[in-house]
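Presented below is the structure to which this report refers.
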There are 2 protein chains.
Amino acid sequence: MRPLVTAIFLALCQPAAAMDPCCATGDLGLVVERTTGSLLVVDRSDRAAIGRIQGLGDLSHASLTYSPDERYAYVFGRDGGLTKVDMLTRSIAKRIVQGGNSIGGAISDDGRLIAVSNYDPGGVKVFDADTLEMVADVPAGAKTIGLVDVPGRRFAWSTWETGEAFMADFSGPEMVLTKLGDVGANPFDAVLTEDAHIYLIGLFGEKGVTAIDLWDERPKPVRFLKDYGKTDDDLPVYKMPHLQGWAFTEGQYVLPAIGRHELIWVDRENLQEVARTPMHGQPVFIVAQPGSPFVWVNFATPLNDTVQVVDSRTHEAVKTLTPGAAVLHMEFAPRGAEVWISARDDNKVAIYDTRTFELLAEIAADTPSGIFFTARAHRTGL
Amino acid sequence: MRPLVTAIFLALCQPAAAMDPCCATGDLGLVVERTTGSLLVVDRSDRAAIGRIQGLGDLSHASLTYSPDERYAYVFGRDGGLTKVDMLTRSIAKRIVQGGNSIGGAISDDGRLIAVSNYDPGGVKVFDADTLEMVADVPAGAKTIGLVDVPGRRFAWSTWETGEAFMADFSGPEMVLTKLGDVGANPFDAVLTEDAHIYLIGLFGEKGVTAIDLWDERPKPVRFLKDYGKTDDDLPVYKMPHLQGWAFTEGQYVLPAIGRHELIWVDRENLQEVARTPMHGQPVFIVAQPGSPFVWVNFATPLNDTVQVVDSRTHEAVKTLTPGAAVLHMEFAPRGAEVWISARDDNKVAIYDTRTFELLAEIAADTPSGIFFTARAHRTGL
């Protein structure tokens with residue numbers, strides 16, 4: 001039997017064969033097409049679209065995460081939909097509507113649990129990654145934001161109305177829920193450093209940023225950058241920045257100044273501001289280019305046709321690109337050689353060489369927003 | 001045609017089906033079986049061996065790297081063999097003997113080039129990743145060590161007899177070879193920090209460690225830790241430590257003391273020694289547990305049945321395990337939840353939970369040494 005199976009398998013797996021689908025999944029990705037509720041399947045190595053998956057519901061604000069084998073994606077949609085997508089067959093494996101308005105989710109480090117953060121009805125729901133059966137419902141009496149996975153089958157999140165942070169531990173037979181502390185008024189987003197060390201929480205209702213050391217046996221909130229936040233009314237805030245876009249580089253945090261055309265650099269050790277960088281517009285995402293001293297920044301409307309590259313050593317912008325109309329997201333090849341940039345209103349994804357800034361390719365996409373490569377399966381805190 | 005293909009494909013891809021092979025490759029790995037010249041194919045999610053590939057030649061000292069799609073492994077054997085292995089069909093796709101004694105290799109960040117470091121005849125050879133045709137032969141007049149990939153289709157290495165470091169840039173139509181500098185007498189191994197920033201070179205012929213800042217426009221060697229090296233004759237050096245095992249954590253480098261039962265902690269900013277940790281034996285590999293403050297250490301013969309866990313904040317050993325006889329290597333799940341440890345003389349791989357230290361599973365293997373998960377495809381400098 002084995003030789004026959006292998007023969008069929010080989011026939012299917014020839015990369016150049018007319019017969020899709022491809023087999024290895026390490027260099028694949030998904031691009032969210034926000035208007036059509038679809039996902040474009042892309043191949044990084046070929047710099048090409050290789051398929052489209054439809055029927056994902058409302059993807060006007062969507063994110064996703066991958067299973068450890070890089071076969072499945074779990075897509076969190078604005079309509080409360082949780083959709084499990086098969087990268088190999090390029091089809092929906094399972095779809096449920098688990099809430100009224102979900103804003104993000106995470107997968108446990110063992111790949112067995114999917115947690116979803118909800119605005120409506122609030123709280124966090126946790127599902128079996130295989131079946132999408134619910135395994136825990138954690139009401140919060142509040143909208144939950146900044147949900148992240150933490151090593152050891154754990155998740156952390158914060159609550160908008162009540163200003164708290166929580167950790168849920170699923171490593172034992174029963175979930176253990178711990179309050180990490182009061183973090184300040186109206187946290188609007190939160191992010192985990194790439195070493196799962198510091199959980200950083202941005203506040204909307206008051207000034208400052210809250211940090212919680214998750215390596216501590218008794219984690220507690222520490223406030224810093226106490227003049228951070230929306231202070232003046234001279235500049236409207238066109239879009240709340242995504243803290244998922246905070247970069248961590250050269251011993252620094254890089255934060256978007258709220259409502260201002262600036263980046264703020266903070267020393268990671270002493271939590272003091274060390275520099276500001278004037279920018280083209282209000283920063284939205286700030287993403288570190290792997291294996292480099294550079295961060296890439298996109299901007300809020302109406303200045304959102306531009307991307308700037310900033311050197312984290314000098315804090316100076318070293319390059320300005322205009323990839324297209326309405327740049328919504330940037331995703332790096334995991335080792336940093338190239339960056340994929342979505343230009344929603346030009347219906348394309350533009351691919352640049354990160355050293356030469358040469359435009360390598362463009363891929364047609366329908367109102368593309370988030371770009372997610374499968375390599376994310378192996379990273380913590382996404 | 002598509003439905004039929006999909007049906008066949010689905011039949012093949014059912015994870016629990018009797019019909020191998022599996023399809024998605026994100027959670028696979030290879031274990032080097034050194035005595036038999038074979039590779040054990042393992043599935044991280046199932047904690048199981050799922051196949052064996054034979055005919056790899058002399059694997060008594062071997063390493064490997066993965067293609068970006070996580071389909072192929074490139075295996076560098078002691079006999080100069082370069083073998084391309086297909087993870088999907090679990091077979092050898094191509095094998096050449098490219099030198100007399102190779103000691104390691106690397107894959108370019110775009111996945112197109114494989115570089116191999118040779119003792120005999122020395123120098124570096126570069127091959128097309130698809131065909132294994134040679135695309136460059138860089139004689140060095142010396143044994144080459146510490147070969148690493150650097151972002152931008154580049155490779156760096158050092159030379160044993162002549163004490164130099166080089167960078168080869170393959171991003172243009174012709175290779176550009178640059179000497180990075182004289183690094184000291186008899187470099188025995190070198191390693192690149194995970195952000196591709198600092199290339200660290202250990203010396204055998206004189207004391208000290210050499211660092212080269214690869215982000216600098218004109219990289220130059222800087223010597224530090226000037227009393228580092230084999231100094232006394234009170235302890236024989238049972239095995240030269242692998243610098244690939246140097247850990248980078250909490251703003252520190254962690255180095256194995258040569259010939260001594262100690263770790264040396266160095267501040268990454270000022271390159272000064274900050275602490276030493278007494279250990280069970282002579283450290284060989286020191287590996288950072290992802291998403292944690294801990295490093296795991298194994299030891300040279302005859303004390304090689306033991307693994308110790310050290311907290312990089314306090315520099316104290318917090319746990320001692322005895323996984324089996326002749327522990328040769330440790331590999332973490334990419335998000336750190338568990339560690340796989342090879343015990344050569346017990347013919348097994350032991351899997352531990354990194355938080356509870358519970359033994360989760362054991363896998364039979366024939367004289368296992370190196371363990372390599374496919375997630376390495378997405379990391380720089382391996």
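Directionally averaged projected area (chain A, Cα convex hull): 19.2 nm².
Note on A:Lys179: lysines with a C-alpha under 18 Å away, same-chain residues under 8 apart excluded, are A:Lys125, A:Lys143, A:Lys220. Rg ratio for the stretch B:240-322: its Cα radius of gyration over 2.2 N^0.38 Å, N being its residue count, equals 0.97. Within the protein assembly as shown, the proportion of C-alpha pairs whose separation exceeds 49 Å stands at 12%.
The Rg/Rh ratio of the stretch B:70-147, with both radii computed over alpha carbons and Rh defined as the Kirkwood radius, is 0.96.
Between the residues B:Ser117, B:His280, B:Ile53, the greatest Cα displacement towards the positive end of the dipole of chain B, with unit charges on the Cβ of Lys, Arg, Asp and Glu, is found for B:Ile53.
When the protein assembly as shown is described by a simple charge dipole with +1 on each Lys and Arg Cβ and -1 on each Asp and Glu Cβ, the residue from A:Ala333, B:Pro290, B:Val32 located farthest towards its positive end is B:Val32. Between this copy and the others, label points of A:Asp130 are 4.0 nm apart in ascending order, each placed 7 angstrom from Cα in the Cβ direction. The spacing between the stretch A:107-140 and the stretch B:265-308, judged by their C-alpha centroids, is 37 Å. Ellipticity at 222 nm from helices only: DSSP H runs of n ≥ 4 in chain A, each -39500 (n - 2.57), divided by the residue count, give -1000 deg cm²/dmol.
Here is the list for the stretch B:241-333: GluC sites (Glu not before Pro) lying in DSSP coil, each with at most 15 other C-beta atoms within 10 angstrom of its C-beta, are B:Glu269.
By other beta-carbon atoms within 10 Å, ranking B:Thr356, A:Thr36 with the fewest at the front produces B:Thr356, A:Thr36. GNM remark for chain A: springs join alpha carbons under 10 Å apart, and the peak mean-square fluctuation among A:Asn186, A:Asn270, A:Asn304 falls on A:Asn270.
In straight-distance terms, cross-link reach from A:Lys319 covers every one of the lysines whose alpha-carbon lies under 24 Å from its own, apart from those fewer than eight places away in the same chain; here that gives A:Lys239, A:Lys348.
Computed from the coordinates by the stated procedures, all read-outs in this text should not be read as laboratory data. Source: prediction; values computed, not measured. No Cβ is skipped: glycine too gets one built from the backbone with ideal geometry, and neighbour counts run over all protein chains shown.
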